[in-house]
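Remarks on the structure that follows.
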Amino acid sequence: MAAPNPRSGRSTSLRDSIDSEKLEGTGSWDALEWTKIEHVTRSVSHANLEFLLEAERVIVEGYGVVLVNIDEAGTLIVTNFRVLFLSEGTRDIIALGTIPLATIEKFNKIVAKIQSAPRQTDKIPSQRLLQVIGKDMRVIVFGFRPRTKQRRRIYDALLRCTKPARIWDIYAFTSGPSKFSNINPKVRLLNEYFRLLGDSSSLASMEIIENGSFSSSNELWRISNVNYNYTMCQSYPFALIFPKSISDQEVLQASSFRARSRLPVVSWCHPGSGAVLARSSQPLVGLMMNMRSNADEKLVAALCTQLVGGRMTRRKLYIADARPRKNALANGAMGGGSESSSNYFQSEIVFFGIDNIHAMRESLSRLRDYLDTHGATSSDGMSSFLRHGGWTWGGGNLSSMSASVSTLGDSGWLIHVQSVLAGSAWIAARIALESASVLVHCSDGWDRTAQLISLANLLLDPYYRTFTGFQALIEKDWLAFGHPFSDRVGMPSLSGSGDMPFELSRQSSTGSFSSSPMRQSSGSIPSQAPSPSHAQNNYSPIFLQWVDCVSQLLRMYPFAFEFSPTFLVDFLDSVLSGRFGNFLCNSEKERQQCGVSEACGCLWAYLADLRSSEGRSHAHYNFFYDPSKHDGPLLPPAAALAPTLWPQFHLRWACPSEAQDGEVEAQCRKTALKLFELQKAKEIAEKKAKDSMNAVESLAAELQNEKQVSNSARNLAKMASKETAAIKRAVESLGCKVQFASSGDCAVDIESNPTKSPQTYSASRRESDEKSDVSVSVTVVDDVASSNPVGRVCEALCPLRTQDGGCRWPDAGCAQLGSQFVGLKANFDAFDRLSIYDSYFQSD
């Protein structure tokens, strides 16, 4: 609905002042004490809003607003991304009152007035309420003080911001990729195709995609680029898997026989048996069900091909029609219909009876109303359990218990979930147990078909139960194969079908309420004349329902999935938030035209960043995951396919205390966290002990080395001392005086020649801890060496002197005959380095 005309302001005020009917139930609006809430005039500084995201800006603020569900007063802020509710006291974000704009399904103005004693009605002010209904199962109501016009400003801001005129006005484009940049999903799709064909040597890149040179094949199947420019089918991806025996020309001929040219293509191949899971849209058999296509029949028959002993044979083919049989026949009047088993060799037609998108939308709406009516944080402000001291259950008494349970069954949501689960389990069993091929379709092949195909893939292939595989599964069977996310989630798209996605209505204040002033069925159409968007409303929780089915499988097989229910909740919230670009538009072609992968942030990168902060201890990881327990297909029996409400998603707003993880899982996670911390502390302690041991060993080795050096130095000092004493005795035996000074110098006086001045010979001695160096030098100036006392010294000291005056040790350089220098120098280190010849010590 368009924004209200300013000229109608007077009539609007008049309608707002009309009293509603008397409230029913045990609760009372008096408990909220509306008139006692002081109007806050101060503004929340935008600079202090540190919780604002990148490129998020404040549009309007409301003060003194009450969140009726929990009777909490605070500040209501509308930004270009979400509605924020801040607690009045703590300024903390209240999660229940904070919802992304893209998650809002619709919102309504409500006026309520309490009737008390007669003649006092005019003195009681009416209460201005704003009901917000979310796609994530929440129904919240904000209360505003009368005559403040705050509700009008908030309402007008929501009208502008929840219905952007262009797809580029969505927050995902405004914020940009930021740090969550996105790799082109075509690369990931092509790599998944290579994996399915067993081609481990090929690696996809944008270069080979742009060149169109990504064709690959095995014995039975091939990757084709026939739809590279989306000319054959606009809602199919750029690359498709077909039987190897079918040419591109035959593919083009077969496409004309299927609705929207969505011809049969391979979605998954069994690596062992070669059986395939294929998908398509309904055949165009016409009203009389007599139209045929040879190209389509040949293509479907090729899906049954199997290679046995080098020879091609046929296998069983099941054609699974997701619709009820009567719906399939009714589609014949519009040119559609279903196949005839007589036209498809060795085939069997099966109808699953799953209802269409409109039935799913109404079913979820009834479930949401049930939870809001009987939840602990009901939007009418009356908790269902012991509210205000009254013994109530679901707004009534204990006798209404059976009626409320019946209401849950009447919503039909769990029955629809069971139908999808049962159909997927049946498909998986045919492929795993019979090695048969299965072709799945509904009407267009992008809603119920996507649910069944992707869930069967999840059951058959353990890879899809990991984080990486789950992403590949969704990008292949939901995004690449054209599930219209913009239409189903309610966002603008290039095709224009999502330009009016919201049911915006203003409830007539003259109407009556069944149980509470704002209790209005979230799926009902208002009494006003519906706009064209209402008549063509394509919003439907198809993808939400599929994630619900995944949560049911996770509950049945807690060891089979790497991810946890918490991950599924955060993933679904991210999809509905409109913060990322992965799930915008209706097809791969539209996302390419909008440049989504380059202009918007990536949801998968955001979730991976969350997990990286805590590693395996993050809540997204399934604590019980053990891939060895379920390394093959999951084939649940029919008796096990009894779904329950998904607590973490369905009950988190209406019954928050019951929506937490199970006590066993929570305690196991806490225990595992403590064990992890203890193991980490143990590793640190062991590392420290090892380092200390190494240090002790190193110090012991150094100490031993020091002892050896000390002993060696001590021995050298003793040897030097002995040699010094021997030299001293030898010199003194020649009649020389030897005097050692404290500085280590030695003076030798020779007194045999009184005519000459005393000749002084110096010797130095150095000792250290490591070596001893003793040197003695004798210098004379006597011209006659033979009669000089120095000659006698040399002869006495050197045992290597020969009888003829020669020297047996010419290399020592201790004597220079024929010159005025004759001396002796003993350097024991030099002695060690000299070459010793045996002839030195031979007797003459």
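The values are calculated or read from the model by the stated rules, or taken from the named source; none is laboratory data. All of these numbers come straight from a predicted model, not from anything done at the bench. We place every Cβ from the backbone using ideal geometry, glycine too, and count neighbours over all the protein chains shown. Areas reflect the complete protein model, heavy atoms only, side chains present, ligands, DNA and RNA absent. Shrake-Rupley method; radii C 1.70, N 1.55, O 1.52, S 1.80 Å.
For labels at ASP626 and MET693 in the simple 7 Å Cα→Cβ model, what's the distance in nm?
It works out to 3.3 nm between the two label points.
Please give the net charge around TYR230, taking every other residue with its beta carbon less than 14 angstrom from that of TYR230, where Lys and Arg add +1 and Asp and Glu add -1.
Working: positive: LYS186, ARG260, ARG262, LYS589, ARG591; negative: GLU588, GLU590.
My count for the surroundings of TYR230 gives +3.
Using R₀ = 25 Å, calculate the FRET efficiency as 1/(1 + (r/R₀)^6) where r is the Cβ-Cβ separation of PHE676 and THR468; round to 0.05. Display every interim value, and only then the final one.
Values: r = 23 Å, r/R0 = 0.93.
Once rounded, the FRET efficiency stands at 0.60.
Determine the per residue accessible area of segment 265-334 with all protein chains present and a 1.4 angstrom probe, expressed in square angstrom.
Numbers: 3090 Å² over 70 residues.
In whole numbers, segment 265-334 has 44 Å² accessible per residue.
Please list the non-local residues whose amide H lies under 5 Å from the amide H of ARG82, H modeled 1.01 Å from N, same-chain partners needing a gap of 5 or more.
LEU101
Find the accessible area per residue for segment 190-240; the probe is 1.4 Å, ligands and nucleic acids are left out, and the unit is Å².
Details: 2220 Å² over 51 residues.
Result: 43 Å² of accessible area for each residue.
Taking the Cα centre of segment 155-226 as the origin, how large is its charge dipole in debye, to the nearest 20, when only Lys and Arg (+1) and Asp and Glu (-1) carry charge on their Cβ atoms? Don't skip to the end; give the middle numbers.
Working: 8 positive and 7 negative charges, 60 e Å.
Dipole about the Cα centre, nearest 20: 280 debye.
Quick query: amide H of ALA278 versus all other amide H atoms, modeled in the peptide plane; which residues come in under 5 Å with a sequence gap of 5 or more or a different chain?
Result for ALA278 returns SER267, VAL438, LEU439, VAL440.
Tally Lys/Arg at +1 and Asp/Glu at -1 over every other residue whose Cβ is under 13 Å from the Cβ of ILE246; what's the total?
Numbers: positive: ARG222, LYS244, LYS298; negative: ASP248, GLU250, ASP296, GLU297.
Taking every other residue near ILE246 into account, the sum is -1.
Using the Karplus curve 6.51 cos²θ - 1.76 cosθ + 1.60 with θ = phi - 60°, what ³J(HN,Hα) values do you get for each residue of segment 652-658, in whole Hz, with x for Gly and Pro?
5, 9, 7, 9, x, 5, 8
Once you have the Cα-Cα distance between ALA422 and LYS707, take 0.36 nm times their residue separation minus that, and quote the gain in nm to one decimal.
Values: separation 285, 0.36 × 285 = 102.60 nm, distance 8.32 nm.
Roughly 94.3 nm would be gained on extension.
Could you order peptides 246-258, 596-608, 540-552, 701-713 by the average number of other Cβ atoms within 10 Å of their residues, highest first? Walk me through the numbers on the way to the answer.
Numbers: 246-258: 18.0, 596-608: 20.1, 540-552: 22.7, 701-713: 11.0.
Ranking, from highest mean packing down: 540-552, 596-608, 246-258, 701-713.
Quick one: which residues, 5+ away or cross-chain, put their amide H under 5 Å from the amide H of VAL65? H built at 1.01 Å from N.
GLY74, LEU76
From the phi of every residue in segment 164-174, what ³J(HN,Hα) in whole Hz does the Karplus formula 6.51 cos²θ - 1.76 cosθ + 1.60 yield, where θ is phi - 60° and glycine or proline is x?
Going residue by residue, I get x, 5, 10, 5, 6, 8, 5, 4, 4, 7, 5 Hz, with x marking Gly and Pro.
Please work out the average accessible area per residue across segment 592-709, using the 1.4 Å probe convention, and give it in Å². List each step's numbers first, then the result.
Working: 7590 Å² over 118 residues.
Averaged over the residues of segment 592-709, the accessible area is 64 Å².
Highest mean first, how do 342-355, 570-583, 312-325 rank when packing is the count of other Cβ atoms within 10 Å averaged over residues? Let's see the in-between values first.
Numbers: 342-355: 16.6, 570-583: 21.9, 312-325: 19.1.
So the peptides 342-355, 570-583, 312-325, ranked by packing, come out 570-583, 312-325, 342-355.
³J(HN,Hα) across segment 459-465 via Karplus (A = 6.51, B = -1.76, C = 1.60, θ = phi - 60°), whole Hz, x for Gly/Pro?
6, 7, 10, x, 4, 6, 9
Per-residue counts of other Cβ atoms within 10 Å, averaged by peptide: what ranking do you get for 481-490, 650-659, highest first?
Peptide ranking by packing, descending: 481-490, 650-659.
Give the carbon-plus-sulfur fraction of the accessible surface of segment 559-631 in %, rounded to a whole number; probe 1.4 Å, heavy atoms of protein chains only.
Values: 1270 of 2620 Å².
After summing per-atom areas, the C and S share lands at 48 percent.
For segment 192-297, give the percent of accessible area contributed by carbon and sulfur heavy atoms, probe 1.4 Å, rounded to a whole number. Kindly include the intermediate steps, with their values, before the conclusion.
Details: 2080 of 4370 Å².
Here carbon and sulfur together make up 48 percent of the probe-accessible area.
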